[in-house]
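Contents: one structure, followed by commentary.
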């Protein structure tokens, strides 16, 4: 199982920046390998690891951007909008995730 998780991590890392869904690649790996026992939490952890890798790689640019109050304001507005929309659509989203 550990080798399978390593394979998923490698596929996630390679395909994350392709203009295709890296989650789709993970599903394909599941189909071709025949292993269907991993959970959604594994995919979430893989995406969190990808996010952390991107943050570490672009840390200087991120810090530079956050120091600019104009961009920081835009980021906060976008974040607030996303939280509000997600809050109101969560039941709709969960309905489709379950079906």
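How many residues, within segment 50-84, are closer than 23 Å to residue 26 by Cβ, touching a helix residue (DSSP H, G or I) at 6+ places or on another chain (Cβ under 7 Å) and modelled with pLDDT under 90? Can you show your working first?
From segment 50-84, those closer than 23 Å to residue 26 by Cβ are 50-57; that's our starting set.
Next, only the ones that are touching a helix residue (DSSP H, G or I) at 6+ places or on another chain (Cβ under 7 Å) stay: 50, 55.
Now drop any that are not modelled with pLDDT under 90, which leaves 50.
Result for segment 50-84: 1.
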Which listed residue is modelled with pLDDT under 80 and touching a helix residue (DSSP H, G or I) at 6+ places or on another chain (Cβ under 6 Å), from 37, 41, 22, 33: 22
Checking residue 25 against (1) within 23 Å of residue 98 (Cβ to Cβ); (2) surrounded by 13 or more Cβ atoms within 10 Å (Cβ to Cβ); (3) without any contact (Cβ under 8 Å) to a residue 24 or more places away in the chain, the condition it does not meet: (1)
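The values are calculated or read from the model by the stated rules, or taken from the named source; none is laboratory data. Because the structure is predicted, anything quoted here is derived from the model rather than measured. No Cβ is skipped: glycine too gets one built from the backbone with ideal geometry, and neighbour counts run over all protein chains shown.
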